[in-house]
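The values are calculated or read from the model by the stated rules, or taken from the named source; none is laboratory data. Computed from a prediction, not measured in an experiment: that's the story for all the values here. For neighbour counting, all protein chains shown are included, and Cβ atoms are generated from backbone atoms with ideal geometry for every residue, glycine included.
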Amino acid sequence: AQTVTQSQPEMSVQEAETVTLSCTYDTSENNYYLFWYKQPPSRQMILVIRQEAYKQQNATENRFSVNFQKAAKSFSLKISDSQLGDTAMYFCAFGGGSEKLVFGKGMKLTVNP
Amino acid sequence: DARVTQTPRDKVTEMGQEVTMRCQPILGHNTVFWYRQTMMQGLELLAYFRNRAPLDDSGMPKDRFSAEMPDATLATLKIQPSEPRDSAVYFCASGLGRTSGGGEQFFGPGTRLTVL
């Protein structure tokens, strides 16, 4: 069974700083997707970014980028120029052949003014 | 702007009452998921449908929970009878699955259930 681990339960940064959120996963599958979701205090789960395992190029979405290391089974999220609105829980998720997503426990990010 | 809708947003009920939560998936999506989120357990998958057929409800307490998709535009999650330990936020999500999409799921705003 796949597992997703987010080892840092909580982080805080100053506005405009860059922050990296870590995620590791375990799987025997070769073709899969990885996702980062954001859950602000409004509780809405928002898809931030996705990465296909067969692509070597790291995905980017504006200020959000990933560092995907397939051999190490690592999938970290970098947030550049962090903003107050980035304050949220962040969840890493694995999507394999079954269509179900396996989520990590989440990490609480606080961006301070 | 297509999005998943859920009703009600919040529900407070007494122990023993029936609770029905509704979800309208994004038009054209063929997979629907029900999750429960609590502080202790995080996000738990309760049930999963593809093309309206239930594929996996192993995460759901069968004696009191039931999930259905009467048609492609409506998914329901019922709890009967409700218990205080059912208090949680319940999310519905929809997607295109792996055959048509990248497997990502789009979430509704959730229903916060409080059972007194």
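At-a-glance table
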| read-out | value |
| --- | --- |
| Among the candidates B:103, B:110, B:95, B:42, residue that is at the interface with another protein chain (Cβ under 8 Å from one of its Cβ atoms), buried (at least 21 other Cβ atoms within 10 Å of the Cβ), free of Cβ contacts under 8 Å to residues at least 40 places away in the same chain and within 24 Å of residue A:92 (Cβ to Cβ) | B:103 |
| Qualifying residue in region A:35-50 (condition: in contact with a Ser or Thr (Cβ under 8 Å, 6 or more places away or on another chain) and not in a strand (DSSP E or B)) | yes |
| Residue satisfying all of: in region B:16-26; of a type in the set (A, V, I, L, M) and either farther than 16 Å from residue B:103 by Cα or within 12 Å of chain A (Cβ to nearest Cβ) (or both); surrounded by the fewest Cβ atoms within 10 Å (Cβ to Cβ) among these | B:19 |
| Residue that is farthest from the other protein chains (Cβ to nearest Cβ) [pool: residues in region A:25-42 that are at pLDDT 95 or above, more than 10 Å from the chain's Cα centre (by Cα) and buried (at least 16 other Cβ atoms within 10 Å of the Cβ)] | A:25 |
| Residue list for region A:45-62, filter: of a type outside the set (A, V, I, L, M), surrounded by fewer than 17 Cβ atoms within 10 Å (Cβ to Cβ) and either in contact with a strand residue (DSSP E or B) (Cβ under 6 Å, 6 or more places away or on another chain) or within 14 Å of chain B (Cβ to nearest Cβ) (or both) | A:52, A:54, A:55, A:58, A:61 |
| Members of region A:65-113 that are surrounded by fewer than 17 Cβ atoms within 10 Å (Cβ to Cβ) and within 14 Å of another protein chain (Cβ to nearest Cβ) | A:97, A:98, A:105, A:108 |
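Quick grid of which residues meet (1) surrounded by 15 or more Cβ atoms within 10 Å (Cβ to Cβ); (2) within 14 Å of chain A (Cβ to nearest Cβ); (3) polar (S, T, N, Q):
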{"residue": "B:30", "(1), (2), (3)": "yes, yes, yes"}
{"residue": "B:35", "(1), (2), (3)": "yes, yes, no"}
{"residue": "B:46", "(1), (2), (3)": "yes, yes, no"}
{"residue": "B:51", "(1), (2), (3)": "no, yes, yes"}
{"residue": "B:58", "(1), (2), (3)": "no, yes, yes"}
{"residue": "B:61", "(1), (2), (3)": "no, no, no"}
{"residue": "B:69", "(1), (2), (3)": "yes, no, no"}
{"residue": "B:79", "(1), (2), (3)": "yes, no, no"}
{"residue": "B:82", "(1), (2), (3)": "yes, no, yes"}
